[in-house]
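A short write-up of the structure that comes next.
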Amino acid sequence: MEMAVGDPSAGLQIAQNLAAQHPDDAEAARLLESARYRWRLSMLPQALQDVAARTDLDKADLAVLLYWL
């Protein structure tokens, strides 16, 4: 959703509406969880967003992300 609208908050709102309209839809629930995670990431300080975007994390990076998320 974020990619489609360009804003994690708007993507989260769309996913929440979709999940509310289709409470028994497992795909809508997965979309909502993904949107919530992307929104949480967008609220992190930029330095932590950079760590989260890395493809190779060391133990210290992982510990920092686990603490913040």
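The values are calculated or read from the model by the stated rules, or taken from the named source; none is laboratory data. Remember, it's a predicted structure, so these values are computed and weren't measured experimentally. Backbone-built Cβ (ideal geometry, glycine too); neighbour counts: all protein chains shown. SASA here: full protein model, heavy atoms, side chains in, ligands and nucleic acids out. Shrake-Rupley method; radii C 1.70, N 1.55, O 1.52, S 1.80 Å.
What the table below lists for this structure:
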read-out	value
Within the chain: Cβ-based charge dipole about Cα centre, in debye rounded to nearest 20 (Lys, Arg +1; Asp, Glu -1)	160
Charge-dipole axis of the chain as Lys and Arg at +1 and Asp and Glu at -1 on Cβ define it, positive-most pick from Ala15, Pro45, Ser34	Pro45
Segments 31-38, 49-56 sorted - mean Cβ within 10 Å per residue, highest first	31-38, 49-56
Pairwise FRET efficiency - Tyr37 versus Lys59, Cβ, R0 = 30 Å, nearest 0.05	0.90
Carbon + sulfur, % of accessible area of segment 26-69 - ligands and nucleic acids excluded, 1.4 Å	60
Relative contact order (%) - criterion: Cα under 8 Å, at least six apart; region: the chain	24
Pairwise FRET efficiency - Ala52 versus Asn17, Cβ, R0 = 30 Å, nearest 0.05	0.70
Rg to Rh, two decimals, where the chain supplies the alpha carbon set and Rh follows Kirkwood	1.06
At least 18 Å along the helix axis (C-alpha) and Kyte average at least 0.0, DSSP helices within the chain	8-21
